[in-house]
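First the structure, in the form of structure tokens, and then the observations on it.
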Amino acid sequence: MRSLKWSISHAVFVAEIDDEHKEIFEALSNVQEALGGAPAQIRTPMQRLVTAMVDHFAHEERLMRAARYTGMRWHKKQHENARKRVEQFVRRIGKGDAKAGPALVEYLSSWLGDHARLSDRMMGASLRNHKRGLFKMTFRAGTKPMDACAWVDANGDRFDPSSPR
Ligand SMILES: [Fe+2]
Ligand SMILES: [Fe+2]
């Protein structure tokens, strides 16, 4: 089984997405901990995991739509497949299938790592480019982006892009 902890190797470099991935990994790890207890104990962490995952997929899909990301259909299909697989595991767990819990953890830990490292990272690069493009457009339109948002450098410090550094 892969690691159930988020690491920098999963980073997509879009803060809101990385934060949600951390939450999903944490929820998954709670499900794994609950596997050792009574069958009913898995219900709450499993619900947290499913909610975090479904909300996260919807969030990524909103961001992709807004950025007109060309790989969206391919990416969304992967989300749908994972969502269906997880629903099947949840149904099996509900019926008391003792093997379904460990199988869910095994499946999702591996799927999350693979999906974050390739598909989400590709999407993250595109979202960052889209954001940069919007900044450029704002400049061309002659407005002052400093009024709307702060510019930060690689260290997170604010700077004024119109004055030489
Ligand atoms: Fe994704
Ligand atoms: Fe993701």
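The values are calculated or read from the model by the stated rules, or taken from the named source; none is laboratory data. On a predicted model such as this, the values are computed, not experimentally measured, just so you know. Counting neighbours? That spans all protein chains shown, and the Cβs are built from the backbone with ideal geometry, glycine included.
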> Just a yes or no: is a residue in segment 73-81 surrounded by fewer than 17 Cβ atoms within 10 Å (Cβ to Cβ), away from ligand 1 (no atom under 15 Å from the Cβ) and either at pLDDT below 95 or not hydrophobic (A, V, I, L, M, F, W, C) (or both)?
Replying inline: no
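Would you pick out the residues in segment 37-72 that are among the aliphatic types (A, V, I, L, M) and surrounded by fewer than 16 Cβ atoms within 10 Å (Cβ to Cβ)?
Initial filter on segment 37-72 (among the aliphatic types (A, V, I, L, M)): 38, 40, 42, 46, 49-50, 52-54, 58, 63-64, 66-67, 72.
Within segment 37-72, Ala38, Ala40, Val54, Ala58, Ala66 meet the criteria.
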> How about segment 22-47: which of its residues are out of contact with any helix residue (DSSP H, G or I) (no Cβ under 6 Å at 6 or more places or on another chain) and more than 17 Å from Ile93 (Cα to Cα)?
Replying inline: Lys22, Phe25, Glu26
>> Tally up the residues in segment 123-139 that are closer than 16 Å to Ile17 by Cβ, surrounded by 15 or more Cβ atoms within 10 Å (Cβ to Cβ) and more than 10 Å from ligand 2 (Cβ to nearest atom), please.
In response: 3
>> I'd like the residue in segment 63-95 that is farther than 30 Å from Ile42 by Cβ, part of a loop (DSSP other than H, G, I, E, B) and not hydroxyl-bearing (Ser, Thr, Tyr) and, out of all such residues, is farthest from the chain's Cα centre (by Cα).
In response: Arg68
